[in-house]
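The block underneath contains the structure these notes are about, expressed in C-alpha cells.
Read the figures in this text as sums done on the coordinates, not as results from a lab. Just so you know, these numbers come straight off a predicted model, no measurement behind them. In this analysis, Cβ positions are derived from the backbone assuming ideal geometry, glycine residues included, and neighbour counts consider all displayed protein chains.
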Amino acid sequence: MSNRQIRTIQDFLLSTYFADGLRITFGVLIPSLVLAQFNLLKFGITLSLGALCASMVDTPGPIVHRRNALLVTTVLITFFSIGVGITNTNPYFIAVLLVICSFLFSMFSLYGTRAASIGTAVLLVMILSIDDVRPWKDVLNYALLIFAGSLWYTFLSYSFYRLRPYRLVQQTLSESIHEVSEFLRSKAKFYHQNTNYDKNYAELLQLQVLVHEKQDAVRDLLFKTREIVRESTPEGRFLMVVFLDMVDLYEQVMSTYYNYERLHEQFDATGILGSYEHVINRIALELDEIAFALKTGGTPLPPVVLIDEVRRLKEKIITLETENKDGKYNTLGLVALKNIEVNIENILTRVKTINSYFNKKEKKNLKGIGLDTERFVTRNPIDIKLFYDNLTFSSSTFRHGVRVSTIMLIGFLVARYMDSSHSYWILLTILVISKPGFSLTKERNYQRLVGTIAGALAGMAILTYVHDKHSLFIILLICMIAAYSFQRKNYVVSVLFMTPYILVLYDFLGLGSLSVARERIYDTLIGSGIAVLGSYTIFPNWEHQNLKEAMQNTLLANLAYYEQVTQLYFSKEQNTTNYKVARKEVYVTSANLASIFQRMFSEPKSKQKMMTEMHQFTALNHLLSSYIATLSLYSTEHAYQLSRPDELKPVVNNTTYLLNLSAEYLLKYNGEESNVPLIKSTGDAQKINQDEMVVIEQFDLIQKVAYDIFKLSEKIRL
C-alpha cells in the first residue's frame, strides 16, 4: 500500500464517522449481549431497538442540541410505541395514524436536519410496531424497554462527550481542513498542461459545496459550544483561531482565479505552470499534515520543503522577467503569474502561522478573537407559526409531507395485501428513500438497491460457508461497525454492510436467513419503486423551482461582500465582523446554488431548465466572488491603498447598480433591454503607481463581471 492509502485509512479510523460507528455499535450491542447472559435476549433486543432509535438523532453538533434531541426522542418513541402497540389490531386506525404521523414528522424538516431525524426515529418505531400484536401489559413492558434503551444510549453519548469534550470539534475541524486541501488540489489541475477546464470547474463546484458543509459544521460546533465561545480554555482558543485562520486561507485560495487558457498559451513552453501545480499540491499536503495532527493530538512538522519550493518558484518568475527584454511574453501574463506567486506566499505565511499554534507555549499565549459569534450561526427556533405558514402547496416541505404520507399509505396497503412476515421492510425502504427532491430520492434509491442486493448476496455467502458461531459473531460486529460508520459518509457501503448484519442477526435469533435475504430484496424493490414513482408523480419538487431564490440570494450575498470590501478602500473604520459575516454568506449561498445545479443533472431532461445559462450564471458568480476576494487581499495582505479613492466611486456605484438590477430582473423582468454602460475609472495613469493600478484594474474587472451577469439575467426566464 502507498503512503497516501495508509494515511487515508488512518484518517478514516480517526474520523467522526468511525467514532460514531463505534459508539452506536457499542450502544446497540451491549444491552443484547448483557441480557443474553441471563437468557433474556428478547428483552435485550428491544433495549437495543430503543438505543438504535436514539442514535439516529445523535449526529455531530453542539452537545446541548444533541442532549435535548435525545431526550425528546426518548419521550416520543416511548409514547408512540404504546399508542401503536395498543391499537395495531385495528388496521384502519393504524392506516390513518400512519398517514397523519408521516405528514407531521416530514414537516419536522422545517426545523433542521436534527428535528427531521427525530421524526424518522419515531416513524421507525411505529413501523416496527405495526405487525407486533401483543397483550396491553406486554405493550407497556415493551415501551418501558424502548424507553430504557434510549436513555441508556443518551447516557452513553453524553458520557463520551464529557470524557473528551473537544474531540468532536477537533475531528470536524480536521475534516474541514482536509476538504480545503482537496479544493486546492482541484485548483492545481488548472495549471496542468492539456487540462480539461469544464471537468475541473465542475469538480471545483462540487468541492466548494463540501467545503461549505464542513466549515458550517465546525462553525456550528464552535460558536454554539459555551466553553469555546467564552474562550475559557487554551484548547478552546486554539481551535477557534485555527478555524478562523483556515477560513481566511480559503478566501485566499478562492481569490486565485485567472484566465488559465491564456496562461497556458503563453507559458506552457517554459514549464513554469507545472511548478505552480507542484507548489499548490505541496500546500495541500501541508494542510493534510495539519489536519492529521488535529486528529492525533500531535504537532505538524514545519513546512521546510514548501518554503524552499516557493523560493525556487519566485526565482523562476524573476528569471522569466529578466528574459523578457524582447517582449516575448505578454506583460499582463507576467503580472498574473507574479500575483499568483504572491498569493501563494501569503497562503504559505498563513500555513506557517497555523502550524505555530500547535506549539504548547504558543497555545497557552493565544488571545481571544473579539468576534460577535452569534452573528455567524443559524438558529432554527421551534416556532409553531413557521409550521402554520408552510401549510400551503407553495411550500416544498408541505408537498413533501403530503407525498410521504401518501406513499406510506400505499406501502402499508401493499404490505397488507402481500401478508409477508417482514413486510414492514417495504415501509422502511420508503421511509429512508423518500427525500424532499426528486434527484435526492433517485440517488438514495439507487444507493439502497445496489447496497441491498450486493449485501444480500454477501450475507447469503457468509451464512452458506460460515457456521461457527464465534466467527459469525465477529462478522456481525465488523458489519455493524462498518454499517454505522459509513451511514453519513457513503450510504451504498453502509447498506452493503447493513444487510449481512441483519441476516446474520436473524440467523442468531433462529428466524431464518436465506429466505429472509430473498424477501429483503423483494421488499426493497417494491418499496423503492413506490418511493421513486411517488416522488415523480405526487406533488414533485423539481430543482428549477428553487433556482430563482438561490440565484438571487447568491447575487445579493456577493453584493454585500463587495460593499464590505470597498469599505477597506473608502473608509477608515472597518467592522471585521460585518466583513466576515458577508464573506460567510457568499460561501453559503454559492454552495447552495452549486448544489442545486448539480442535482438538476439527475432530473428528467424536461425538468432541466436553461442549463447552459445556469452554467454561465454559476461560473460568473464564482468568478465574481473570486475577484472580490482578490480585491480584499490587496488591502488586507498587501496594504495597497488608493491615493484618490473618489475617482473610483462611479465604478463602484455602477457595479452595485448592475448587481441590484440583475437581482431585480431575476424576480421580475419587464422585457425591456436596459442600456447600462460600463464606466471607466478616471485619473491620469501616468501619475498612478503600479500597486494602485492593480487595485483599479481589479475594480474594473469586477464591474465587467457584474455587467456580464446583468446581461445574462435579462435572458434567464424561470
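Structure data summary
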item	result
Cβ crowding within 10 Å averaged over residues, with 620-628, 310-318 ranked highest first	620-628, 310-318
Rounded to 10°, Cα long-axis angle of helix 113-129 versus longest principal axis of the chain	20
Euclidean distance between Cα centres, the stretch 405-473 to the stretch 283-336, Å	51
Cβ-based net charge around T195, under 15 Å, with every Lys or Arg adding one and every Asp or Glu removing one	-1
Relative packing of peptides 346-359, 653-666, 492-505 - highest average C-beta neighbours within 10 Å first	492-505, 653-666, 346-359
Using alpha-carbon coordinates, inclination of helix 63-87 to the longest axis of the chain, degrees	30
For K442, K668, order by how many other beta-carbon atoms lie within 10 Å, fewest first	K668, K442
Degrees separating the helix 197-223 axis from the principal Cα axis of the chain, which is the longest one	70
Cα-Cα over 27 Å, subset of K548/K580; K189/K649; K609/K680; K199/K711; K338/K715; K295/K352	K189/K649; K609/K680; K338/K715
Per-residue Cβ neighbour rank within 10 angstrom, fewest leading, E286, E182	E182, E286
Residue order, fewest to most beta carbons within 10 Å, for H470, H212	H470, H212
Relative contact order computed over the stretch 390-541 (Cα-Cα under 8 Å; 6+ residues apart), in percent	37
Alpha carbon Rg of the chain, scaled by the compact-globule rule 2.2 N^0.38 Å	1.06
